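Only one structure is covered here, and it is reproduced in the block below.
None of the figures in this text is laboratory data; all of them are computed from the coordinates on show. Bear in mind the structure is a predicted one, so any value in this text is a computation, not a measurement. Here the Cβ positions follow ideal geometry from the backbone for every residue, glycine too, while neighbour counts run over all protein chains shown.
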Amino acid sequence: MKKVVVIGSGFSGLSAACFLAKAGFDVTVLEKNSSPGGRARKFEENGFVFDMGPSWYWMPDTFERYFAHFGAQVSDYYHLKLLDPGFRIYFGEDDFMDIPANQAELKALLESMEPGSAKRYDDFMADAEAKYRIGMQDLVEKPGLSITEFLDIRVLKGLFTMHLHTPFDKFVGRYFTHPRIRQLMEFPVLFLGATAAKTPALYSMMNYAGLKLGTWYPKGGMGMIVAGMKKLAESKGVEFHFNMPVDDIEIVDGHASAVISGTNRFSTDLVVSGADYHHTDRNLLKSTSNYSEEYWTQRVMAPSCLLYYMGIGKRLKGLQHHNLFFDEDLGQHSTEIYDRPQWPTKPLFYVCCPSLTDENVAPAGCENIFMLMPLAAGLEDNEELRARYRTVMLGRLEKLTGEQVTDHITYERSYCIADFQKDYNAYRGNAYGLANTLKQTAILKPRIKNKKLPNFFYTGQLTVPGPGVPPSLISGKLVANQIIKEYPLNCS
Ligand SMILES: Cc1cc2nc3c(=O)[nH]c(=O)nc-3n(C[C@H](O)[C@H](O)[C@H](O)COP(=O)(O)OP(=O)(O)OC[C@H]3O[C@@H](n4cnc5c(N)ncnc54)[C@H](O)[C@@H]3O)c2cc1C
């Protein structure tokens, strides 16, 4: 069996490890932190179980397909609940909109705000669904190594219907005029890495994913996905080493021959790095890196964020599982992330309250929340700045929900740019990887293969297909397929 060392146990590393082990490779995963999941780790404190990163379970079909590759299904590892309402948007004091999971109810809500919008919603979604199908079936599964991957008549035809050159905000404006409906449609863009004016309308597929396929919750939290994937990997023979930060790659005769962590040396035939691409390339590979420091300074990063994980010593009213506080201007906050990077003047933020759905993530009578404020990557981060925005977010949360929260906080922990750098070696402390701009899509993304070392590969949210949990699962599959293609005779 050929040996493969996978660096990092985020979703992409776990996925790559599992596909490679299934194909007959001898796989070892080296993870710098003490637990798996990368940005999707969890921690437990005072009876609260906090998911540290992702909380929106979108595109359930991708997870089903992932487990089906291994003859399993999602329900073998965790149980899903459809959230209804999917989420709440606050526009002001006691002024909010709950987004029903049920399509008839959602359309009735839209129609009540803007006559004719229910029909236009159907048209918008028919287009978004077509993009989702083309995107997920034909585009996302390409390794992005050559333009020829896209020279297929079906793919080319699909590309022409994707509105690659239509700005997202203009596209939404063709269907809806009510500002609240437009905000509903444009909010996913906040995390994609550009303002709605600079994001291609192809990403209306996210609206299909979020509003039509629904917002789900894995009982026990998002950490259950990680635990399930790790269990599956172990059943295929993958070996895990935690607290094992890789600090060097040994190169012999133009090949990566071993992965080094302190005094530990793991000899190997192949390496896949699921650690942040910039860290792998510039800090571990150094002279054999794919890209220069200058290349990286020219990349557009998706946002980082400020997070507060909080245990609340009482039950809260006025919240749903997912809550968007959009009582300030989306355009201004986006500009302060992407065009004039700075700590936001009037931030929008998001509050997750999973204990409303799941009694296992907080002690009885308590609530588990986290507050998340998107922020430009690479900004200064210190305790004073964090505390200032803690006050802003808590003040708005209390005002808009009409409930005292601050005096009932029994546990809290903040997390921001410096933590992303320290814990994940994240370039400029990014949370969501590389921005989804056209110039950073498909073959224009950092490539999955090293140009100088034939046996060194990359996976994860900074390479194809991009950020998010479902794309990270696919990224692991893409790199595994590439290796299986290049080393077919060596698989048993
Ligand atoms: C706060 C937040 C909220 C999010 N919300 C959502 C959401 O709701 N829905 C969604 O779909 N996506 C969401 N995302 C995005 C999603 O979490 C990521 O796209 C995905 O988890 C990235 O996986 P990855 O494997 O590429 O990277 P990572 O998860 O970062 O994994 C990389 C791993 O490599 C390890 N590593 C780094 N350097 C080394 C080294 N030298 N040696 C060994 N190991 C190393 C790291 O410790 C880490 O475990 C969110 C992200 C964040 C941060």
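Return the loop-located trypsin sites (Lys or Arg not before Pro) in the range 163-254 (DSSP other than H, G, I, E, B) with at most 15 other Cβ atoms within 10 Å of their own Cβ; answer none if there are none.
Details: sites: LYS170, ARG174, ARG180, ARG182, LYS198, LYS212, LYS219, LYS230, LYS231, LYS236; in loops: LYS198, LYS219, LYS236.
Counting only loop positions with at most 15 other Cβ atoms within 10 Å, the trypsin sites (Lys or Arg not before Pro) in the range 163-254 are LYS219.
If you take the alpha carbon radius of gyration of the range 103-213 and divide it by 2.2 N^0.38 Å, what ratio comes out, to two decimals? Kindly include the intermediate steps, with their values, before the conclusion.
Numbers: Rg = 14.9 Å, N = 111, 2.2 N^0.38 = 13.2 Å.
That works out to 1.13 for the range 103-213.
Antiparallel DSSP bridges in the chain: what percent, to the nearest 5?
On the way: 47 of 65 bridges.
Around 70 percent antiparallel, to the nearest 5.
Would you grab the residues whose amide H sits under 5 Å from the one on ALA431? Only those 5+ places off in sequence or on another chain, please, with H modelled 1.01 Å from N.
Distant-sequence amide H within range of ALA431: SER304, CYS305.
What aspartates and glutamates could a cross-link reach from LYS2, if we take a straight Cα to Cα line under 12 Å and drop same-chain neighbours fewer than 8 places away?
In chain and number order, the partners are ASP26, ASP269.
Identify the GluC sites (Glu not before Pro) of the range 26-91 meeting these criteria: DSSP loop state and at most 15 other C-beta atoms within 10 Å of the C-beta. Please report the intermediate quantities before stating the final value.
On the way: sites: GLU31, GLU44, GLU45, GLU64; in loops: GLU31.
Taking the range 26-91 and a limit of 15 other Cβ atoms within 10 Å, no loop GluC sites (Glu not before Pro) are found.
At 0.36 nm per residue, and after removing the present C-alpha to C-alpha distance, how many nm does the segment from GLU380 to ALA68 gain when stretched out fully? Walk me through the intermediate numbers first.
Values: separation 312, 0.36 × 312 = 112.32 nm, distance 4.36 nm.
Working it through step by step, the gained length comes to 108.0 nm.
Using amide H atoms built in the peptide plane, which far-off residues or other-chain residues are under 5 Å from PHE240 H to H?
Residues meeting the amide H criterion: VAL29.
Give me the one-decimal nm value for the distance between modelled label points at SER267 and THR345, 7 Å along each residue's Cα-to-Cβ direction.
About 6.3 nm, to one decimal.
Between beta-carbons, use under 13 Å as the cut-off and find the net charge around SER117, counting Lys and Arg +1, Asp and Glu -1. List each step's numbers first, then the result.
Details: positive: LYS107, LYS119, ARG120, ARG174, ARG180, ARG182; negative: GLU111, GLU114, ASP122, ASP123.
Net charge in that neighbourhood comes out at +2.
In the neighborhood of ILE181, defined by Cβ-to-Cβ distances under 10 Å, what is the net charge if each Lys or Arg adds +1 and each Asp or Glu adds -1? Intermediate results must be reported in sequence, preceding the final value.
Values: positive: ARG120, ARG180, ARG182; negative: GLU114, GLU186.
Summing Lys and Arg as +1 and Asp and Glu as -1 gives +1.
Mind listing the long-range amide H neighbours of HIS69? Cut-off is under 5 Å, sequence gap 5 or more, other chains count too, H placed in the peptide plane at 1.01 Å from N.
none
Students often forget the sequence filter, so: which lysines lie under 19 Å Cα-Cα from LYS451 once same-chain residues fewer than 8 apart are removed?
Candidates past the 8-residue exclusion: LYS142, LYS286, LYS485.
Taking a ≥ b ≥ c as the square roots of the eigenvalues of the Cα gyration tensor of the chain, is the shape rounded (a/c under 1.5), prolate (a/b larger than b/c) or oblate?
Values: a/c = 1.64, a/b = 1.35, b/c = 1.22.
Note, shape of the chain comes out prolate.
From the cross-link list LYS42/LYS212; LYS170/LYS445; LYS22/LYS422; LYS42/LYS439; LYS3/LYS230; LYS170/LYS439, which pairs have alpha carbons spaced over 22 Å apart? Could the numbers behind the result be given before it?
Values: LYS42/LYS212 28 Å; LYS170/LYS445 26 Å; LYS22/LYS422 33 Å; LYS42/LYS439 34 Å; LYS3/LYS230 19 Å; LYS170/LYS439 19 Å.
Going by Cα-Cα distance, LYS42/LYS212; LYS170/LYS445; LYS22/LYS422; LYS42/LYS439 fall outside the 22 Å limit.
Between the range 92-123 and the range 259-314, what is the C-alpha centre distance in whole Å?
Each part's Cα centre sits 41 Å from the other's.
Relative contact order (percent) for the range 262-396, with alpha-carbon contacts under 8 angstrom and 6 or more residues of separation?
Relative contact order comes out at 27 percent.
Using alpha-carbon positions, what is the distance between the centroids of the range 416-492 and the range 35-85, in Å?
Between the Cα centres of the range 416-492 and the range 35-85 lies a distance of 20 Å.
Dipole of the range 247-303, Cα-centred, from +1 at each Lys and Arg C-beta and -1 at each Asp and Glu C-beta, to the nearest 20 debye? Let's see the in-between values first.
On the way: 4 positive and 9 negative charges, 22 e Å.
The dipole of the range 247-303 has a size of about 100 debye.
Please list, or write none, the aspartates and glutamates whose alpha carbon is within less than 13 Å of the alpha carbon of LYS399, excluding same-chain residues fewer than 8 places away.
Cross-link targets: GLU93, ASP94, ASP95, ASP327.
Just to confirm the filter: which trypsin sites (Lys or Arg not before Pro) across the range 308-394 are DSSP coil and have at most 11 other Cβ within 10 angstrom of their Cβ? Walk me through the numbers before you get to the answer.
Numbers: sites: LYS314, ARG315, LYS317, ARG386, ARG388, ARG390; in loops: LYS314, ARG315, LYS317.
Filter output for the range 308-394: LYS317.
At what distance in nm do the modelled label points of ALA126 and LEU151 sit from each other, each positioned 7 Å from its Cα along Cα→Cβ?
According to this spin-label approximation, the distance is 3.5 nm.
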